[in-house]
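Got a structure for you, questions after.
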């Protein structure tokens, strides 16, 4: 039972364009969502998060959008840079879930110079 | 400030052998976690510890044991390794701020069981 789904295993985007990564969830108890970035042979690093009381959070080139009615969130990267090439995981948590994160399966983003 | 450190970085075991993966954090976090990452599966929680002296099972605990030695250290033990435990293992810790769920990850241990 995959509660957090990233349906696109991979995505290629030209440098300078917008990258949009998508994530869907099924558990309506989730109230906090995070995006992590992972380079090969390294641990995941936290990128950006959003609480369910918001529908948008922005940090520099990265913006996360949350659509609670659709149980969908997306990460926008504008403009995309070669250093953004990595695997991106979305994760979700619930204040009733003992602080645990549930991760999606990841999307490999490749930025084409 | 090293953050979360893990040892070893790589390990090859034969089926039936045992080993302990070590994790330490220097951020004074109460909560610590062990995950495994397999191709196409994302990160799955094995065990976690909300505070020193407490541990709880995660999504995939079978075949593993953990010890929260002190606030800094959280170890993961494989008593009798199986090929199905070939994976990359990540340790993480979480800030104690009430409304923050961010976890900080170590660099990982790549384990192969033959």
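Just a yes or no: is a residue in segment B:16-23 surrounded by 19 or more Cβ atoms within 10 Å (Cβ to Cβ) and free of Cβ contacts under 8 Å to residues at least 24 places away in the same chain?
no
Could you tell me which residue of segment B:40-59 is farthest from residue A:93 (Cα to Cα), considering only residues that are without any contact (Cβ under 8 Å) to a residue 12 or more places away in the chain and surrounded by fewer than 14 Cβ atoms within 10 Å (Cβ to Cβ)?
B:40
Which is surrounded by 14 or more Cβ atoms within 10 Å (Cβ to Cβ), touching a strand residue (DSSP E or B) at 6+ places or on another chain (Cβ under 8 Å), under 20 Å from residue A:93 (Cα atoms) and at pLDDT 95 or above, of B:6, B:37, B:11?
B:37
Now for a different question. In segment B:82-114, how many are assigned to a loop (DSSP other than H, G, I, E, B) and farther than 17 Å from residue B:9 by Cα?
Result for segment B:82-114: 10.
Given (1) part of a loop (DSSP other than H, G, I, E, B); (2) buried (at least 18 other Cβ atoms within 10 Å of the Cβ), where does residue B:62 come up short, assuming only one miss?
(2)
OK, next. Conditions first: (1) more than 14 Å from chain B (Cβ to nearest Cβ); (2) part of a strand (DSSP E or B); (3) without any contact (Cβ under 8 Å) to a residue 12 or more places away in the chain. Residue A:22 passes all but one, so which condition is the exception?
For residue A:22, the exception is condition (3).
Somewhere in segment B:60-69, is a residue within 14 Å of chain A (Cβ to nearest Cβ) and within 25 Å of residue A:34 (Cα to Cα)? Talk me through it step by step, then tell me what you get.
Applying the first criterion (within 14 Å of chain A (Cβ to nearest Cβ)) to segment B:60-69 yields B:60-61.
Remaining after also requiring within 25 Å of residue A:34 (Cα to Cα): B:60-61.
Scanning segment B:60-69, I find at least one residue that is within 14 Å of chain A (Cβ to nearest Cβ) and within 25 Å of residue A:34 (Cα to Cα), so the answer is yes.
I'm trying to understand the selection: among the residues of segment B:66-79, which are without any contact (Cβ under 8 Å) to a residue 24 or more places away in the chain and either exposed (fewer than 14 other Cβ atoms within 10 Å of the Cβ) or not in a strand (DSSP E or B) (or both)?
Listed by number, the residues that qualify are B:69, B:70.
Quick grid of which residues meet (1) more than 10 Å from chain B (Cβ to nearest Cβ); (2) buried (at least 21 other Cβ atoms within 10 Å of the Cβ); (3) assigned to a strand (DSSP E or B):
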residue: A:30; (1), (2), (3): yes, yes, no
residue: A:42; (1), (2), (3): no, no, no
residue: A:54; (1), (2), (3): yes, no, no
residue: A:63; (1), (2), (3): yes, no, yes
residue: A:69; (1), (2), (3): yes, no, no
residue: A:76; (1), (2), (3): yes, no, yes
residue: A:92; (1), (2), (3): no, yes, yes
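OK, next. Which one of these is facing another protein chain (nearest Cβ under 10 Å), within 27 Å of residue A:94 (Cβ to Cβ) and modelled with pLDDT of 95 or more: B:90, B:74?
Selected residue: B:90, the only one of B:90, B:74 that is facing another protein chain (nearest Cβ under 10 Å), within 27 Å of residue A:94 (Cβ to Cβ) and modelled with pLDDT of 95 or more.
The values are calculated or read from the model by the stated rules, or taken from the named source; none is laboratory data. Since this is a predicted model, take the numbers as computed values, not measurements. Cβ sites come from the backbone with ideal geometry, for glycine too, and all protein chains shown count toward neighbours.
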